[in-house]
Amino acid sequence: PYFLHFTTTMADALLDDLDDLSDFQEEEEEEDEQRQEATTNSVYDDEADGNDDGGGNAKTTGNNDSSLDGSDDAAASNSQPPSRPRLLDDLSLQRHLSLIQSDQDSKPSADGPATTNNTNATDRDQDRQQNNLILQSNRHLLSLTHEIQRTHLHLRKLYHPKFPELEELLTEPFQYRQAIGILQNEMDVTLVNDRLNDVLTSNQIITISVAGSTTSGRPLTAAELSRVNDACLYLDRLQRTQTALRSFVQSKMERWAPSTCALVGPAIASLLLSATGGLAELAKIPACNLQLLGKTKWTSASRAGLATQTRVQHAGYLMECELVTGVPSFLRMKALKAVAGKLALAVRADYVNWESGRERAGGVG
């Protein structure tokens, strides 16, 4: 009996709540109807006043329309994003490039040193200057890498209306730029296949031709194509600057990090330094992470055979080292781990020797 009384009480309470909600909704509906009637009456009053003005409002409306059109034009002109500052226009980078050029043009004097103390002081000063140049070159190389990525993304955005599938098929920035320079505004990719042979593989050309025949893109306007070509020229300038800095760092690597160069070569050593920012930063990286520096990001296109770089998935710059490429393919991952372990020791030896001012040679470490 108690349970029945409890359920009956609960049911009555729910019914009372539903009645209260229905009453509340009816009150809200009545208030909404009153608001709508008041709004309708005010609109009718405004229209009547406008008719009494004798068409004066029409002229004002026309003026407002013209002003709105002008503001739309201004908004359309301002809708384009402002041009961001370019890295190659940076004064510090330009000064650094001029210093590198003067360093390469200068030749060491053939006169013998007067005293041993003067020789040691001169060598220390030269080492300090070379170290500063190499450190700044590595920092600028990092900045150039980021700038190349940003310019590549900007170029993809500009060329997306013409060939949206191309950015997925060619993920490497400079190869993407070379393909754009050949394709331009041509909708039939097969007409430029002969020129594409100079920069792409046959597998890539076939896939791009198939994608171009079914693309949803449209021809670019003259202004859009001009912006695309400007971005391509800027990317070329970035590539030339990056090559010049890397060549300078590579030429100084054997003196600055001889043990590292003796193990992996100056070319790989300069790539590792440019990826980390300096010898001190490279010495802090453990061996397990050294083998991943310069690792290529895999995409669906690269897995389909359209990769622009022939590196394995879990390896970077060290995979191109002669000690790794000279062994059979089934032993390369083991060789890579062994080289990475020895490289960590060699880099730390070079860094400690430089910090302490001791003699640096390829046999040390």
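Some notes on this structure:
- Between Ser251 and Leu345, the FRET efficiency estimated from the beta carbon spacing at R0 = 30 angstrom works out to 0.75.
- Here the gap between Gln94 and Ala287, fully extended at 0.36 nm per residue and compared with their Cα-Cα distance, gives a gain of 65.9 nm.
- In region 227-295, Cα pairs under 8 Å separated by at least six residues give a relative contact order of 21 percent.
- Contour excess over end-to-end distance, with Cα ends at Thr190 and Ala222 and 0.36 nm allotted per residue: 9.3 nm
- Accessible-area composition of region 150-264, carbon plus sulfur, in percent [1.4 Å probe]: 52 percent
The values are calculated or read from the model by the stated rules, or taken from the named source; none is laboratory data. Everything quoted here is computed from the prediction, not taken from an experiment. Every residue, glycine among them, receives a Cβ derived from its backbone with ideal geometry; neighbour counts consider all protein chains shown. With ligands, DNA and RNA removed, areas are computed over all heavy atoms of the protein, side chains included. Shrake-Rupley method; radii C 1.70, N 1.55, O 1.52, S 1.80 Å.
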